[in-house]
Amino acid sequence: MTSTAQRQELQAKIWKIANEVRGAVDGWDFKQFVLGALFYRFISENFSRHFDDEHTVYADLPDDVISPEIKDDAIKTKGYFIYPSQLFVNIAKTANTNPNLNTDLKAIFDAIESSANGYASEDDIKGLFADFDTTSNRLGNTVENKNKRLAAVLKGVEELNFGASTSGTTNKLNHRFEDNQIDLFGDAYEFLISNYAANAGKSGGEFFTPQTVSKLIAQLALHKQKKVNKIYDPACGSGSLLLQAKKHFDSHIIDDGFYGQEINHTTYNLARMNMFLHNINYDKFHIVLGDTLLKPALGDEKPFDAIVSNPPYSVTWIGSDDPTLINDDRFAPAGVLAPKSKADFAFVLHALSYLSGKGRAAIVCFPGIFYRGGAEQKIRQYLVDNNFVETVISLAPNLFFGTSIAVNILVLSKSKTENSTQFIDASGEDFFKKVTNNNVLEDSHIERIMELFDKKENVAHVAASIDNSKIAENDYNLSVSSYVEAKDNREVVDIAELNAEISKTVEKINALRTSIDEIIKEIEA
């Protein structure tokens with residue numbers, strides 16, 4: 001099945017599930033139940049595959065045949081444990097008739113999370129199902145109503161194509177989930193965000209970076225790196241940027257895995273789910289909860305060879321109200337803190353501080369930080385004078401859910417040899433495709449941007465490499481439009497030809513007037 005067909009099938013089935021619970025569950029809350037059920041099904045099938053072979057179907061085994069030794073070994077390998085009776089396939093089988101469905105599910109989720117207690121995976125598993133509250137009144141005021149809607153969600157998710165086929169009486173996997181042509185979890189998330197964000201009064205762009213933009217950012221950060229130690233996102237959201245990095249590096253080696261920090265508890269849980277959903281084992285990722293700017297949790301893990309990020313735009317932070325921050329080794333080199341009302345450059349300086357000497361950071365940025373004065377100008381001066389800015393790319397508007405602004409991508413490097421900065425204007429019609437209310441980057445657009453980024457050649461109206469001394473003379477302005485002249489699409493007019501046409505027109509008018517005068521004289525006579 002093609003990616004387009006898979007995506008259409010996925011969206012149709014998710015919308016069918018939505019119709020089953022429409023009017024009872026707010027769309028934003030419904031999203032959590034669908035993604036929670038999707039995750040529950042995946043880890044069940046992934047766990048079963050650990051035991052399944054041509055003689056054994058784990059889902060068909062009785063719980064009491066599982067010895068403590070088998071359980072211990074499985075937790076050390078997978079990071080968690082699920083008994084056969086607790087698997088998604090067995091719960092979904094009786095979902096419509098189980099009077100205790102909501103409490104059974106809560107007990108199962110609690111058991112899965114607690115199975116990791118005392119093991120190395122404890123922090124990676126703890127609280128994963130916190131947003132999938134099966135006893136919540138959001139599902140209904142009675143147990144019967146809760147169970148009816150939970151059953152509808154489970155049966156709907158049961159129908160989704162995970163790239164698996166059915167063998168015998170149970171879903172025994174003959175294909176791998178990750179063999180899907182699409183990012184099933186990411187597509188489900190993006191679809192739900194796009195349909196519910198506006199109605200719920202929430203900014204979808206706060207939580208999710210569209211997959212095509214993520215792909216471009218990952219390719220920029222990993223460009224020509226044959227091997228990286230580890231990849232980091234200081235504001236990782238649901239983990240989409242880290243996962244695009246994984247896809248880009250499938251045939252290469254990432255030594256120590258995927259790292260991220262996220263301040264929002266819901267998206268922190270989604271990011272950890274997303275790691276498991278993409279077959280990244282607990283010992284290959286480290287996602288932490290907390291405020292990256294004020295309580296960075298991964299400083300002991302730096303430096304990182306690749307950093308990707310789409311931090312929140314222009315959020316407030318404590319800034320200069322905390323006098324100790326100017327001595328923080330992330331911000332001290334610039335000699336000034338990002339404005340209290342605009343923390344954008346605080347995230348940039350944080351990423352730069354965590355970047356290795358050979359790596360790159362690709363960061364989505366609000367355009368205003370590239371031309372405003374004050375503290376932001378001083379930070380730009382620090383970045384340019386130390387030759388850390390490799391490229392600034394302006395993208396088309398309407399690429400993100402929840403905002404129509406035309407964002408920029410800032411590429412940082414500590415290993416530049418040329419003392420110049422590249423600017424790419426990728427905001428024109430040649431760099432996106434309009435789809436309904438949003439614009440979309442297609443592979444051909446990404447390929448062209450990457451070719452420009454790689455060659456660093458000047459291309460009229462598209463790309464220019466500017467000596468850093470010229471940027472200094474321009475008050476350290478890093479706005480793309482200051483260095484890449486927009487193409488003049490106005491029609492070129494040949495003045496001589498136009499004057500000749502006007503002369504002919506005047507002659508015709510004069511002749512017409514003479515004829516009219518003669519006709520009037522004849523009438524009056």
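The values are calculated or read from the model by the stated rules, or taken from the named source; none is laboratory data. In this text the structure is predicted, and so the values were computed from the model without any measurement. Using ideal geometry, Cβ is built from the backbone for each residue, glycine included, and neighbour counts are taken over all protein chains shown. The accessibility values were calculated without ligands, DNA or RNA, using every heavy atom of the protein model including side chains. Shrake-Rupley method; radii C 1.70, N 1.55, O 1.52, S 1.80 Å.
Brief remarks follow.
- Dividing the summed helix terms, -39500 (n - 2.57) for each DSSP H run of n ≥ 4, by the number of residues in the chain produces a 222 nm estimate of -13500 deg cm²/dmol to the nearest 500.
- At an R0 of 60 angstrom, the distance between the Cβ atoms of ASP123 and ASN510 translates into a FRET efficiency of 0.10.
- Listed residues GLU524, GLU507, GLU390 arranged by accessible area, highest first, probe 1.4 Å: GLU524, GLU507, GLU390
- Contact order relative to length of segment 279-353, as percent, for alpha carbon pairs under 8 angstrom and 6 or more apart: 29
- Measuring only protein heavy atoms, the 1.4 Å probe finds THR135 accessible over about 50 Å².
- 0 to 90° range, to nearest 10: angle between helix 375-385 axis and the chain longest Cα axis: 90
- Extending 7 Å from the Cα toward the beta-carbon at both ASP255 and ALA5 defines two label points whose distance is 4.4 nm.
- Rounded tilt (10° steps) of 27-51 against the dominant C-alpha axis of the chain: 50
- FRET efficiency estimate (nearest 0.05) - Cβ-Cβ, LYS76 to GLU54, R0 25 angstrom: 0.50
- Radius of gyration over Kirkwood radius for segment 446-504, both on Cα atoms: the Rg/Rh ratio is 1.26.
- Where GluC sites (Glu not before Pro) fall in DSSP loop in segment 416-460, at most 16 other Cβ within 10 Å: GLU418, GLU442, GLU457
- Each residue was assigned an accessible area with a 1.4 Å probe, and for ILE253 the value is about 90 Å².
- Seen against the Cα atoms of the chain and their longest principal axis, helix 68-78 is set at about 10 degrees.
- Full extension of the chain segment joining ILE318 with LYS433 gains 37.4 nm, where the gain is 0.36 nm per residue of separation less the Cα-Cα distance.
- Cα-only radius of gyration and Dmax that characterise the chain, units Å: 29.0, 124
- Per-residue SASA entry for THR97, accessible area with 1.4 Å probe, Å² rounded to 10: 110
- 37 °C / 0.692 mPa s Stokes-Einstein diffusion coefficient of segment 218-376, Kirkwood radius on C-alpha pairs, µm²/s: 206
- Selected from GLY357, ILE449, ILE231, residue furthest toward positive end of dipole (the chain; charges at beta carbon): ILE231
- Alpha-carbon Rg with Dmax, taken over segment 356-419, Å: 13.1, 39
- Reduced Cα scattering model of segment 332-463, Debye log10 I(q)/I(0), q = 0.15, 0.22 Å⁻¹: -0.77, -1.38
- Exposure rank, largest accessible area first [THR421, THR94, THR436, THR56; 1.4 Å]: THR436, THR94, THR56, THR421
- Heavy-atom surface of segment 365-513, accessible at 1.4 Å and reported per residue (Å²): 54
- Other residues whose C-beta falls under 9 angstrom from the C-beta of ALA116 contribute a net charge of -3, scoring Lys and Arg +1 and Asp and Glu -1.
- Computed about the Cα centre, the dipole magnitude for the chain is approximately 460 debye when only Lys and Arg (+1) and Asp and Glu (-1) carry charge, each at its Cβ.
- Scaled against 2.2 N^0.38 Å for its residue count N, the alpha carbon radius of gyration of segment 285-396 is 1.02.
- Counting protein heavy atoms only, segment 229-334 has 50 percent of its accessible area on carbon and sulfur, 1.4 angstrom probe.
- With all pairs of separate Cα atoms included, segment 259-319 yields a Kirkwood hydrodynamic radius of 12.9 Å.
- Here, P(r) means the percent of Cα pairs in each 5 Å bin from 0 to the largest distance; for segment 418-525 it is 2, 9, 12, 11, 11, 8, 7, 6, 6, 5, 5, 5, 4, 4, 3, 2, 0, 0.
- Dipole magnitude of segment 326-438, debye to nearest 20 (Cβ charges: Lys/Arg +1, Asp/Glu -1, about Cα centre): 200
- Ordered by solvent-accessible area of protein heavy atoms (1.4 Å probe), largest first, the residues LEU325, LEU498 come out as LEU498, LEU325.
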